[in-house]
1. Restricting to the range 192-212, give me the number of residues that are touching a residue at least 40 places away in the same chain (Cβ under 8 Å), closer than 19 Å to residue 153 by Cβ and surrounded by fewer than 18 Cβ atoms within 10 Å (Cβ to Cβ).
2. Would you mind stating whether residue 334 is under 19 Å from residue 248 (Cα atoms) and without any contact (Cβ under 8 Å) to a residue 40 or more places away in the chain?
3. Of the conditions (1) over 19 Å from the mean Cα position of the chain (by Cα); (2) within 30 Å of residue 159 (Cα to Cα); (3) at pLDDT below 90, residue 355 clears all except one; give me its number.
4. Filter the strands (runs of 3 or more DSSP E) completely within the range 67-181 down to those with at least 1 residues that are at pLDDT 85 or above and under 34 Å from the mean Cα position of the chain (by Cα).
5. Determine the pairs where a residue that is in the same structural domain as residue 437 (by TED's automatic domain parsing) and at positive phi, located within the range 369-391, has a partner that is loosely packed, with under 14 Cβ neighbours inside 10 Å and in a loop (DSSP other than H, G, I, E, B) with Cβ atoms under 9 Å apart, the partner being 6 or more residues away or on another chain.
6. May I ask you to list the residues in the range 291-314 that are crowded, with 16+ Cβ neighbours inside 10 Å and under 18 Å from residue 332 (Cβ atoms)?
7. I'd like to know if the range 38-58 contains one or more residues that are at pLDDT below 65, more than 27 Å from residue 443 (Cα to Cα) and either assigned by TED's automatic domain parsing to the domain that holds residue 436 or part of a loop (DSSP other than H, G, I, E, B) (or both).
8. Please work out if residue 265 is crowded, with 19+ Cβ neighbours inside 10 Å, under 20 Å from residue 218 (Cβ atoms) and touching a residue at least 12 places away in the same chain (Cβ under 8 Å).
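The values are calculated or read from the model by the stated rules, or taken from the named source; none is laboratory data. All values derive from a computational prediction rather than experimental measurement. Cβ placement follows ideal geometry from the backbone for every residue including glycine, while neighbour counts extend to all protein chains displayed.
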């Protein structure tokens, strides 16, 4: 028996944006575009006379009786039904088919039962705070304690983001020990008095370890697979990381690193490329709250595009170091940089970091459509992807390329039965909060011999 082929539509939710307007398909009422069927009166200027419309059953006062985006006169001229918005019954309106270059008279989609709405979920994020416990850090630690619940976790939580916070710093009192105690609701205790050990929760995990002036990067690396002092993480803080989550570090120190940026990254990637990525494709971000010079205003972040700042914050306070190594990693990974001497304004800083975490994670650019109906297979050669900009601009039919190596503008490829947007296309879609992606799958019935 001959193969029969038909298309099924898979609309991805999580984005918003209206369909193309009628004007995108209608000919604008130009009578030169369509032959006038009758020389009589044409009340709605759709290139059909009122008499012909009466005979056809269309509305002589409405240029697009079936509201499919094509004027009645043009429908008659191209052979579609002006009384049926979907002439071929394939669940794709005639006007949209003209947009996409498909034939509105030939079914492209009859497996209506495969139509599905899929919720687009943000990637989860694991946020690792690394806080210096040296003698000059008491005020900064108190500022973190005061703001991490209200101006960091609250913002992330309200965004709907699936997050987890891991704290690398010694557990205890800020004064006189320069240690940190995170209270409820993130942790499981209120720090009044400070508990003997951290009390972890489903979203907060404290790995207690001494972070001195210069060894933040070394401690990140050395404790990854090593038990903490309270044995809450017998195999290291790596046990608290989640597969598939974006990793975000927040480094807080008033000193410099004794490990170079290149050495740190090489060792980090070697520890777990599955978690942190590679030099070619990083899966982590590092935000630096260090002793660099203030921006203007002082609580405004230095962006990744801004140069490394050699000056110190706090009127050139000699106790501060600008943290140039941390700054370099922030620039490489797209992180933000703030002056630590503005710890009195950590509410502003933490809000900015929290919002940056939400923005950085963004929406995924790989979509797994629902499986085809029983007895069917996906015909990727006939499938296509459409991007509709949220600003009302013309929709774009994306080009399919063979694989990631052939990525170009407005393109995608298929890998492991998933539609994967190419990097440039992914960035454009993620930046368009009101945009919409539609994946139109063609389904092919199996051959019967």
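1. Here the count works out to 1.
2. Considered against the rule, which asks whether it is under 19 Å from residue 248 (Cα atoms) and without any contact (Cβ under 8 Å) to a residue 40 or more places away in the chain, residue 334 comes out as no.
3. (1)
4. 125-131, 163-168
5. Between residues of the range 369-391 that are in the same structural domain as residue 437 (by TED's automatic domain parsing) and at positive phi and residues that are loosely packed, with under 14 Cβ neighbours inside 10 Å and in a loop (DSSP other than H, G, I, E, B), the close pairs are 375/446.
6. Within the range 291-314, 292, 301, 302, 308, 309 meet the criteria.
7. yes
8. When the stated conditions are applied, residue 265 passes them.
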